Structures are given as C-alpha cells and as structure tokens.
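As structure tokens, the structure follows; a few thoughts come after it.
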Amino acid sequence: MITEARSLLILFALLLAGPAPADITALVGATVHPVSAEAIENGVVLIEDERIQAVGADLPIPDDAEVIDLAGLHLYPGFVHPATQLGLTEISSVPGSVDTDEMGSINAALRAEVSVNHDSALLPVAVAGGVLNAHIMPGGGLIRGTSAMLRLDGWSWEEMVLQTPTAMHLAFPSGAAGDEDNEDLALIDETLEKARHWHAAEAAAARGEAPRPARNDQLEALGPLLAGEVPLMIHANGIAVIETALDWAEAQQFKRVILSANADVQYAAERLAADGIPVILRGVYNMPVRRWEAYDMAYVAADRLHQAGVLFAIGDSGGGMDVANARNLPFHAGSAAAHGLPKDAALKSVTLWPAEILGAGDQIGSIEPGKQASLFAATGDPLEPMTKIRRVWIDGAEYDLMRDRHRRLYQRYRQHQQAEAR
C-alpha cells in the first residue's frame with residue numbers, strides 16, 4: 001500500500017509540473033556576433049544540452065524547439081574576466097566578508113575556487129553587465145596558489161567551476177624593499193628547488209629505487225607547474241620589475257608563462273611577442289606613472305601590445321573596488337578602442353583571447369558549435385556604456401537579470417517617483 005501511494009503521489013506531482021521544457025532552444029532574429037567570425041544578420045543560434053549546436057543565417061529549426069525572437073538585438077558571447085577576486089570579497093570595510101589573501105609567503109597548495117561565495121551579491125551585478133565567466137585568483141604571499149575559471153552562476157563553487165587549476169600565481173618582488181625583496185626572491189628560488197628535488201624523490205620512490213619523501217603539500221602542489229601542465233602567472237608592475245621577472249622566468253625554464261602587469265608592459269611588447277608570452281593587462285583607467293609620459297599612456301597600452309603581436313586580454317586591477325566594478329570590464333576595452341585598438345581586437349580582448357590565454361578557449365569566448373551557451377542579447381555595441389543588456393543565458397539557461405541588486409534598486413525608486421508624480 002505504501003508503494004502504491006508513493007507511486008500515485010509521484011504521478012500527481014508530474015501532472016502538476018506540466019510538460020517538460022524543450023531540450024532545444026532557438027535564438028532567432030538577432031544580429032549574431034560570433035567574435036571568431038563575421039557578424040551574421042538575422043542569425044540563428046541553436047542550443048541543446050547547455051551547448052551551442054549550430055550557428056548560421058538560414059538554419060532549419062527543429063519542430064520541438066523553444067523559439068526566442070530577438071529581433072532588433074545583438075547577440076554576443078559572454079565577457080570573460082581574465083583576473084579578478086569576485087566571490088572572494090563582498091564589502092572591503094567588513095573584514096569578515098573578505099577572503100582574498102592567505103597568510104604566509106608560500107601557499108602553493110591553496111585553491112582559490114573553494115573559498116568562492118556562490119551567493120555573493122556582486123556576481124549578479126557582473127552578470128547583468130555581460131561578464132558571464134571569470135578567472136578567480138588568490139592573493140597574498142609570494143607563491144599564492146592556483147586559480148580557476150568559473151561560470152558566474154551556480155548553487156556551489158563546485159557547480160561554478162568551468163576549469164581548474166588555471167594557473168599557479170606568483171607575486172614577483174618589486175625590488176623597492178631592497179634586502180627584503182632579495183630575501184623574498186631567494187625564498188621563491190629555494191622553494192622551487194626543493195619542489196624539484198621532492199618530485200624527483202617521489203618519482204624514484206614510485207620506481208622502487210628510494211624511500212618515499214615526507215609529505216609536503218606545498219611542494220607537491222608545485223608539481224603540475226614544474227611539469228608544464230599548468231602555466232605560471234607572474235604578477236609584476238613597472239618595466240624594471242617586468243624585465244627582471246622575464247629574465248628570472250627564462251632562467252627557471254618554465255614551459256608556460258603568463259604575465260599579469262600594468263600599462264608599463266607596453267615597453268616590453270617586442271620581447272613578449274618574440275617569447276610568445278601572453279599578457280593580462282590590468283586595467284585601462286589609470287594615470288601616467290612618470291612626468292614625461294603622455295596623459296593617455298595607459299589607454300594606448302593595449303594597442304601597442306596588439307601592434308607588436310602580443311596575445312593579450314584586458315582586465316582591471318582585479319582586487320579592491322574593482323571587484324565590485326567588474327561589470328565595467330567591457331568599458332576598459334571600449335576605452336582602449338577609442339585610443340587606437342581596433343574594435344574587433346577590443347572585443348576579443350574581453351571574450352575569446354582571455355579564454356584562450358587561460359586554457360578555456362575550447363569552451364567559452366565565442367559563439368561556435370560545441371562551446372558553452374553563455375551569451376547575452378544587447379541593444380548595440382556592448383563596449384559602449386549606453387548599450388543595454390536585455391537577456392542573458394548561462395550554459396543554455398536564461399538568467400534572471402532582476403537578481404542584480406542595481407536593477408532592483410533602479411526599479412524600486414523609479415516606481416516610487418512614478419507614484420509621486422501621479
């Protein structure tokens with residue numbers, strides 16, 4: 001009797017639930033901007049099982065597809081933030097909500113994604129600005145640990161992870177502190193040398209040639225970096241520090257290096273292009289550092305990297321107030337475009353190129369078959385501040401833009417003023 005009653009309850013629940021949603025979604029009528037190809041007027045994008053199945057102008061639409069008319073709008077892939085601490089901090093003046101920096105100098109075993117607050121109020125704000133994926137990085141110390149590429153929606157950090165680990169992070173000593181910075185660099189060198197010996201001993205133990213070394217989580221975590229499986233992201237600001245960091249990385253013979261730097265990186269553009277080292281440009285909205293530099297020094301940096309042939313992505317500082325302002329990422333690229341960077345390169349610098357630099361180019365960054373269906377529909381060029389984002393999809397599921405606190409407040413006070421006017 002209990003089994004029969006349970007079956008009846010399940011049947012009743014299914015009847016109340018109604019028909020299952022269509023497995024295939026067809027976005028039609030918009031101008032599709034794949035980023036990896038020319039724009040498609042009155043395009044069609046077919047989505048199935050969280051992924052893009054087809055993109056084109058005259059695609060046959062399955063009879064059972066849910067058709068969404070986006071006439072008059074422009075469809076773009078979601079922006080990819082190349083370096084941020086979204087989800088690791090909420091209110092900078094409330095210490096309990098800040099989990100960006102780890103104590104100690106050597107934190108190779110740290111994984112940034114496990115500390116991400118999936119319920120952060122800052123995530124929907126970024127999504128409403130078109131930032132649908134973000135590279136979340138750790139802070140604090142010298143060897144800071146690994147980062148991860150996340151989708152900015154999910155019920156847990158596990159659901160949000162798109163790819164991990166993405167890179168091992170190193171804050172290169174600036175040299176400004178003199179002997180203290182020399183000691184820091186010596187500590188980094190010593191740690192890497194110990195890690196090489198530890199992994200050699202571990203390999204010998206696996207072959208039965210030596211006893212297994214004592215467990216060391218920090219040294220073990222450096223294994224993928226030393227094997228070339230994970231790139232090293234070096235954080236360095238100022239041309240002297242950048243040049244020193246590049247010399248050091250070359251001497252260490254790392255197989256894969258990514259440079260995260262300020263606008264001074266433009267002065268090393270030719271070397272970076274020759275060495276094939278990609279760059280995360282940490283923001284455009286900055287003042288000149290030196291008295292002799294032009295007012296637009298930071299704004300033209302992206303174009304100079306592009307002219308030199310450097311693969312780069314545009315970000316912001318990644319921490320502090322820029323976490324709350326991650327939604328402004330496309331405007332950094334738009335400002336670079338206003339100062340010489342070709343418009344198509346500006347768009348790629350916040351979509352396809354960061355995805356490729358961070359090893360996720362086969363999943364996100366453009367509207368192509370096989371990639372995640374994370375895209376948005378906008379009223380025009382999304383690098384322009386006056387453009388409005390009307391609809392968003394993450395992994396094929398439409399995102400409720402009213403989760404954005406900014407939009408809710410706008411509606412609240414707009415309705416109040418309308419009521420006052422009546």
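The values are calculated or read from the model by the stated rules, or taken from the named source; none is laboratory data. If you're wondering where the values come from, they're calculated on a predicted model, not measured in any experiment. Glycine gets a Cβ as well: all are built from the backbone with ideal geometry, and neighbour counts include every protein chain shown.
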Exercise. Find all pairs meeting these conditions: Cβ atoms under 9 angstrom apart; at least six residues apart or on different chains; first residue within segment 32-47 and more than 14 Å from T351 (Cα to Cα); second residue at pLDDT 95 or above and among the aromatic types (F, W, Y).
Key: V32/Y76; I47/W393
Quiz prompt | In segment 199-225, residue farthest from the chain's Cα centre (by Cα) [restricted to those that are more than 26 Å from R256 (Cα to Cα) and among the aliphatic types (A, V, I, L, M)] | solution = A210
Practice problem: Find the helices (runs of 4 or more DSSP H) located wholly in segment 134-223 whose residues include 3 or more that are β-branched (V, I, T), and list them. | Solution: none
Quiz item: What do you reckon, is A126 in contact with a helix residue (DSSP H, G or I) (Cβ under 6 Å, 6 or more places away or on another chain) and not in a loop (DSSP other than H, G, I, E, B)?
Solution: yes
Self-check item: Count - residues of segment 132-155 that are of a type in the set (G, A, S), surrounded by fewer than 19 Cβ atoms within 10 Å (Cβ to Cβ) and farther than 23 Å from Q218 by Cα
Solution: 1
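So that you can scan it fast, the table gives a plain yes or no per residue for (1) over 30 Å from R290 (Cβ atoms); (2) hydrophobic (A, V, I, L, M, F, W, C); (3) surrounded by fewer than 17 Cβ atoms within 10 Å (Cβ to Cβ):
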site	(1), (2), (3)
A203	yes, yes, yes
A206	yes, yes, yes
L226	yes, yes, no
H235	no, no, no
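Return the only residue of A346, A333 being free of Cβ contacts under 8 Å to residues at least 60 places away in the same chain and under 17 Å from A134 (Cα atoms). Spell out the reasoning first.
Values: A346 fails: under 17 Å from A134 (Cα atoms).
Answer to the check: A333.
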Quiz item: Given (1) surrounded by fewer than 22 Cβ atoms within 10 Å (Cβ to Cβ); (2) of a type in the set (A, V, I, L, M); (3) modelled with pLDDT of 95 or more, where does A176 come up short, assuming only one miss?
Solution: (3)
Exercise. Assess whether L59 counts as being under 14 Å from I367 (Cβ atoms) and either more than 27 Å from the chain's Cα centre (by Cα) or without any contact (Cβ under 8 Å) to a residue 60 or more places away in the chain (or both).
Key: yes
Quiz item: From the set of residues in segment 381-403 that are in a strand (DSSP E or B) and not hydrophobic (A, V, I, L, M, F, W, C), which is nearest to the chain's Cα centre (by Cα)?
Solution: Y399
Quiz item: Given the residues R282, R291, R304, R271, which is the only one that is on the phi < 0 side of the Ramachandran plot, basic (K, R) and touching a Ser or Thr at 6+ places or on another chain (Cβ under 6 Å)?
Solution: R282
Quiz item: Of the residues that sit in segment 229-248 and are modelled with pLDDT of 95 or more and part of a loop (DSSP other than H, G, I, E, B), which one is farthest from R144 (Cα to Cα)?
Solution: E229
Exercise. Could you please find all residues in segment 55-87 being surrounded by 24 or more Cβ atoms within 10 Å (Cβ to Cβ) and closer than 16 Å to A373 by Cβ?
Key: L75, Y76, P77, G78, F79, V80
Quiz item: Which of the residues spanning segment 266-280 are buried (at least 19 other Cβ atoms within 10 Å of the Cβ) and out of contact with any helix residue (DSSP H, G or I) (no Cβ under 6 Å at 6 or more places or on another chain)?
Solution: L272, I277, I280
Practice problem: Among what's in segment 267-308 and is at pLDDT 95 or above and basic (K, R), pick the residue that is nearest to W353 (Cα to Cα). | Solution: R304
Quiz item: If we scan segment 404-421, do we find a residue that is among the basic types (K, R), in contact (Cβ under 8 Å) with a residue 12 or more places away in the chain and part of a helix (DSSP H, G or I)?
Solution: yes
Practice problem: Give E158, E183, E220 a once-over and let me know the one that is over 30 Å from D362 (Cβ atoms) and either crowded, with 20+ Cβ neighbours inside 10 Å or of a type in the set (D, E, K, R) (or both). | Solution: E183
